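Structure first, commentary second.
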Amino acid sequence: MEEISLTYSYKNFTWTDILSQEAEYIRAATQERGFDDHFVQDSLTVGHLPKIESSDNCTFIILRGYTCDKDDNCTTVEDLTNKVAIFFTEKELVSIHRFPFTFLRGEKREFASVFELLIYLFKKVIASYVEPAQWQSDQIDKLEEFVFLSGRKKISLSTLYYQKQETRLSRKLLAMTKHILTQIDFPKKYDSQVEDLKDRIDFLTLQYEEVLEDASSLTNVYMSITAQKSNDVMKLLTIFSAFFLPITFIAGLYGMNFHNMPELRHPYGYYATLSLMVIVCLVIYQWFKRRKII
């Protein structure tokens, strides 16, 4: 992919946004500004979790925006999200990413300070989790309706597995993002905006937790239904066996055809044997009925 570096100049600071997948290009662009080598290496590490660190010349942040398509099955952080590495001081902010986030590559916006830009970036990253949270909630509602109302008890356990994985990862990433937000020393005039961001994270975290709990509950219910279905099959087979075992015994007994068996030559022996089988079945049926087994 072609390296793209855009620089926006504002009244009090500059913003340089770098879109690239080439490590050497990113390393050169950051080292010329004197950023810590450890921070640069973290910005190049694929799948790095959200974090915040500070050095003498800048503060370094990693955020992760939700980029997984709803039709994809994502089980890892790097599949579910993409990273935005941010180096900032009061006079400069540098954002580095490999995924073309629209809020980073869109039209130029006006910002009064680096902190206002940071709040904007946090807001957009958090917003990337909103639609997936709603989609996950809708999916779990459909699965519950499918199990409890449609009368069809078979669902895809793989669907539930991937949904739980995506939800669990999203919740953890949001918690890390909130931790980063609390570590930044924003000027007091931005307190209300920062609190709004925290409230949005709390709301999304709660939504993801509800989906995760519902998915876990639905899995348990599904396993219980499956076990109950197996028990019903075994119960039916046991009842059939209880009826046919004595009948089979009687048929096998008189099927031996020994010459000294008087019933074999009795004119009503066949009908007497059939009657005995019917009587045995009726007795077994009455016993099951009295015990409320059937």
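Across the stretch 1-138, counting alpha-carbon atoms alone, Rg and Dmax equal 15.1, 48 Å. Only lysine pairs 8 or more places apart, or on different chains, with alpha-carbon atoms under 16 angstrom apart are counted in the stretch 55-175, and they number 10. Computed from backbone phi, the HN-Hα couplings of the stretch 132-147 come to x, 5, 5, 5, 4, 5, 5, 4, 5, 5, 5, 5, 5, 5, 4, 6 Hz, rounded to whole numbers (Karplus: 6.51 cos²θ - 1.76 cosθ + 1.60, θ = phi - 60°; Gly and Pro given as x). What the phi angles of the stretch 219-228 give under the Karplus curve with 6.51, -1.76 and 1.60, with θ = phi - 60°, is a coupling list of 4, 5, 5, 5, 5, 5, 4, 4, 5, 5 Hz, glycine and proline written as x.
Using unit Cβ charges (K, R positive; D, E negative) and no other charged atoms, how large, in debye to the nearest 20, is the dipole of the stretch 58-208 about its Cα centre? Present the calculation step by step, with values, prior to reporting the outcome.
Numbers: 23 positive and 22 negative charges, 60 e Å.
Using only the charged Cβ atoms, the result is roughly 280 debye.
Spin-label pair Val283-Ile225: with each label point 7 Å from Cα along the Cα-Cβ axis, the two points sit 4.2 nm from one another.
When Rg is the radius of gyration of the Cα atoms in the chain and Rh is its Kirkwood radius, what does Rg/Rh come to? Walk me through the numbers before you get to the answer.
Working: Rg = 34.5 Å, Rh = 24.5 Å.
Here Rg/Rh amounts to 1.41.
Within the chain, Cys58, Cys281 have no other Cys Cβ under 4.7 Å of their Cβ and so lack a disulfide-compatible partner by this rule. Amide H contacts for Thr16 (H built 1.01 Å from N in the peptide plane; partners 5 or more residues away or on another chain; cut-off under 5 Å): Tyr8, Leu93, Val94, Ser95. Annotation: amide H-H contacts under 5 Å for Ser54 (H modelled 1.01 Å from N, sequence separation of 5 or more, or interchain): Phe60. Relative contact order of the chain: 15 percent, from C-alpha pairs under 8 Å at least 6 residues apart in sequence. Against the chain, whose longest principal axis comes from its Cα atoms, helix 114-127 is set at around 20 degrees.
Read-outs throughout are calculated quantities, based only on the coordinates presented, and are distinct from any laboratory measurement. Because the structure is predicted, anything quoted here is derived from the model rather than measured. Here the Cβ is made from the backbone with ideal geometry for all residues, glycine too, and neighbour counts use every protein chain on show.
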